[in-house]
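Notes for the one structure printed next.
The values are calculated or read from the model by the stated rules, or taken from the named source; none is laboratory data. From a predicted model like this one, the values you see are computed outputs, not experimental measurements. A quick note on method: Cβ atoms are made from the backbone with ideal geometry, for glycine too, and the neighbour counts reach across all protein chains shown.
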Amino acid sequence: MSAFNDTKFNSALLLLTGIPGLEDIHLWISIPFCLIYVLSMVGNSVILFIIKEDTSLHEPMYIFLSMLAVTDIGLLIATMPTILGIYLFNSREISFNACFAQLFFIHFLQVIESSLLLLMAFDRYMAICEPLRYASILTLPRISKMGLLCILRGMAIILPLPLLLKRYRYCRASVLSHSYCLHQDIMKTACSDITVNSIYGLTAKLLTMGLDSLLILLSYVLILSTVVSVVSRTECMKALNTCISHLCAVLIFYMPEIGLTIIFRFVKGYSPMVSVILGYMSVLVPPLMNPIVYSVKSKHLRVRIIKVFLK
């Protein structure tokens, strides 16, 4: 019997997985991952630089966007080392402690991103439905407190996950189904009763992304009810146009997360490839697409970016 069978978390290793069945071409697969990594880091760094340097962009919407860019950079740093390690160097082993740390930061940053998308929805609600109170409510001190609250919320909800996992013994196959560590994935390798983790994990998901998505939906219902009451169609379309980039960011972030949650918890006998693709989409697509979406839809930001590159 291997040392992994019936052992504590600190005395064994987990094995991460690339794309099943394509191990022979992992080196070639690393090329698009490297490209995504570079483009995502550059895109989010440019967004941060532009917003920091241009005082005309020191508005609530762009401050929230800069917070989102920092979160996306953190998500890349938390995931890409193990992903590229597999495809470039076939480095699949990861210790339990490192795995628990990685899953904490991944889920922690995802909760922060979900919270920021909710705050950005609130920003759009205030700008369209309460324009006269917008400047007095979304002040810089309040925005700073909102950002701190997002961090504390993520810390309080996600920190118990790795602490609960450390209580278990692990005696099943040590191969995970992703190139990075997720709570649902590690939980299934335990040979103890995982009911507590399963219930807490689902509760945490519902209290963060589930609640946030419902509140975002509610904000857009209120926005639509306000917009349709506007007599001028031009004004109506102008108001809705300011929400398109945020709506795209919401869909890009929540759709893969919803798919992963449903597959892990409610679907039996699903294809491993589906889980792998959704997993990569959940951690790599938002950091890549958010700068593109906001740069394309925000003329103010797009003009500043063009000026910087022309210089």
For this session: Go through the range 190-212 and count every residue that is over 17 Å from L109 (Cβ atoms) and either in a helix (DSSP H, G or I) or among the charged types (D, E, K, R) (or both).
Result: 12
For this session: For the range 190-200, enumerate the residues that are in contact (Cβ under 8 Å) with a residue 12 or more places away in the chain and either within 21 Å of T71 (Cβ to Cβ) or among the β-branched types (V, I, T) (or both).
Result: I194, V196
Exercise. Restricting to helices (runs of 4 or more DSSP H) lying wholly in the range 233-310: which have 2 or more residues that are in contact with an Asp or Glu (Cβ under 6 Å, 6 or more places away or on another chain) and modelled with pLDDT of 80 or more?
Worked result: 272-297
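If I ask for residues that are crowded, with 18+ Cβ neighbours inside 10 Å and either modelled with pLDDT of 85 or more or within 15 Å of M255 (Cα to Cα) (or both), which ones from the range 221-232 would you list? Outline the logic, then answer.
Taking the range 221-232 first, the residues crowded, with 18+ Cβ neighbours inside 10 Å are 223, 227.
Answer for the range 221-232, where residues must be crowded, with 18+ Cβ neighbours inside 10 Å and either modelled with pLDDT of 85 or more or within 15 Å of M255 (Cα to Cα) (or both): just I223.
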Seminar exercise, completed: Reported set for the range 239-258 where residues are surrounded by fewer than 21 Cβ atoms within 10 Å (Cβ to Cβ) and either touching a Cys at 6+ places or on another chain (Cβ under 8 Å) or closer than 13 Å to S295 by Cα (or both) is T242, I244, C248
Exercise. For the range 225-263, how many residues meet the condition of being closer than 27 Å to L207 by Cβ and either within 16 Å of the chain's Cα centre (by Cα) or touching a residue at least 40 places away in the same chain (Cβ under 8 Å) (or both)?
Worked result: 18
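Here's the yes/no breakdown for (1) at pLDDT 90 or above; (2) not in a loop (DSSP other than H, G, I, E, B):
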position: A3; (1), (2): no, no
position: L14; (1), (2): no, yes
position: P20; (1), (2): no, no
position: W28; (1), (2): yes, yes
position: P32; (1), (2): yes, yes
position: L35; (1), (2): yes, yes
position: V38; (1), (2): yes, yes
position: M41; (1), (2): yes, yes
Exercise. Any residue in the range 149-156 that is more than 20 Å from the chain's Cα centre (by Cα) and at pLDDT 90 or above?
Worked result: no
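Can you pull out the helices (runs of 4 or more DSSP H) entirely within the range 85-189 that have at least 2 residues that are among the hydroxyl-bearing types (S, T, Y) and either touching a residue at least 40 places away in the same chain (Cβ under 8 Å) or closer than 19 Å to L284 by Cβ (or both)? Full working, then the answer.
Details: elements: 96-129, 134-137, 140-158, 160-165, 183-187.
Because the criterion is at least 2 residues that are among the hydroxyl-bearing types (S, T, Y) and either touching a residue at least 40 places away in the same chain (Cβ under 8 Å) or closer than 19 Å to L284 by Cβ (or both), the helices (runs of 4 or more DSSP H) in the range 85-189 that meet it are 96-129.
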